[in-house]
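Visitor: Following this message is one structure expressed as structure tokens.
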Amino acid sequence: MFRKIRILTLVASFALLGGVPISASAQDLSESHLQAARDAVFLSDITVPFQVLLPRMAEQLKASLISSSPDERDKANLLVDTHVLALEPRFRDLEEEAARIFANNFSEIELKEISTFFGSTTGRKYLDTNAIRAGEVGAAAKVWDSYVTTELHRNVFSEW
């Protein structure tokens with residue numbers, strides 16, 4: 001469960017970062033800026049949640065092939081696995097796109113600061129415990145919501 005929350009948090013972060021470019025266009029980025037972005041992407045684990053996509057696609061395709069031709073289970077597994085292995089290097093395309101998104105949203109100095117943080121003991125602890133914190137904050141928000149909703153209703157209806 002905590003891993004799911006961490007993944008959702010990272011996916012949301014990725015979506016937010018990708019939604020509003022605030023820096024230079026891709027052609028204006030220096031190689032050192034892009035490298036700083038690649039480092040930040042790697043150290044922040046931003047693409048980790050997406051590593052499940054290709055295996056998930058493979059399992060769905062296998063299931064589809066096997067359901068339509070149950071006698072061909074071994075063939076389906078071998079064929080899909082072979083093609084999945086051939087496509088695995090393409091994950092670097094996503095990582096490169098993530099780096100461009102980071103580079104368009106952060107200066108080179110900011111990217112180096114991000115890398116420094118996520119490369120530190122504290123940064124690693126942040127990533128490793130993010131799901132737990134998100135769950136705890138979510139639980140606290142539910143309690144807060146309940147109390148505030150009750151208080152709001154009580155206060156409004158006392159004057160109604």
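The values are calculated or read from the model by the stated rules, or taken from the named source; none is laboratory data. The structure displayed is predicted, hence computed values, not measured ones. Counting neighbours? That spans all protein chains shown, and the Cβs are built from the backbone with ideal geometry, glycine included.
Visitor: Find all pairs meeting these conditions: Cβ atoms under 8 angstrom apart; at least six residues apart or on different chains; first residue within the stretch 27-48 and of a type in the set (Lys, Arg); second residue assigned to a helix (DSSP H, G or I).
Guide: Within 8 Å, the pairs are ARG38/GLU95; ARG38/GLU96; ARG38/ALA99.
Visitor: Please list, ordered by residue number, the helices (runs of 4 or more DSSP H) wholly in the stretch 66-160 having 1 or more residues that are without any contact (Cβ under 8 Å) to a residue 60 or more places away in the chain and farther than 30 Å from ARG56 by Cβ.
Guide: 108-119, 121-159
Visitor: With (1) of a type outside the set (A, V, I, L, M); (2) closer than 30 Å to GLU110 by Cα; (3) buried (at least 17 other Cβ atoms within 10 Å of the Cβ) as the list, and LYS62 as the residue in question, which single condition is left unmet?
Guide: Failing condition for LYS62: (2).
Visitor: Ok, one more. Is at least one residue of the stretch 109-124 in contact with a helix residue (DSSP H, G or I) (Cβ under 9 Å, 6 or more places away or on another chain), modelled with pLDDT under 95 and closer than 30 Å to LEU29 by Cβ?
Guide: no
Visitor: Among the listed residues LEU10, LEU34, identify the single one that is modelled with pLDDT under 95, surrounded by 15 or more Cβ atoms within 10 Å (Cβ to Cβ), among the aliphatic types (A, V, I, L, M) and assigned to a helix (DSSP H, G or I).
Guide: Exactly one residue qualifies, and that residue is LEU10.
Visitor: Return the residues of the stretch 37-64 that are more than 15 Å from the chain's Cα centre (by Cα) and over 23 Å from SER120 (Cβ atoms); say none if nothing qualifies.
Guide: If the condition is that a residue be more than 15 Å from the chain's Cα centre (by Cα) and over 23 Å from SER120 (Cβ atoms), then PRO55, ARG56, MET57, ALA58, GLU59, GLN60, LEU61, LYS62, ALA63, SER64 are the ones that fit.
Visitor: Quick one: how many residues across the stretch 91-108 are in contact with a helix residue (DSSP H, G or I) (Cβ under 6 Å, 6 or more places away or on another chain) and over 19 Å from LEU29 (Cα atoms)?
Guide: 0
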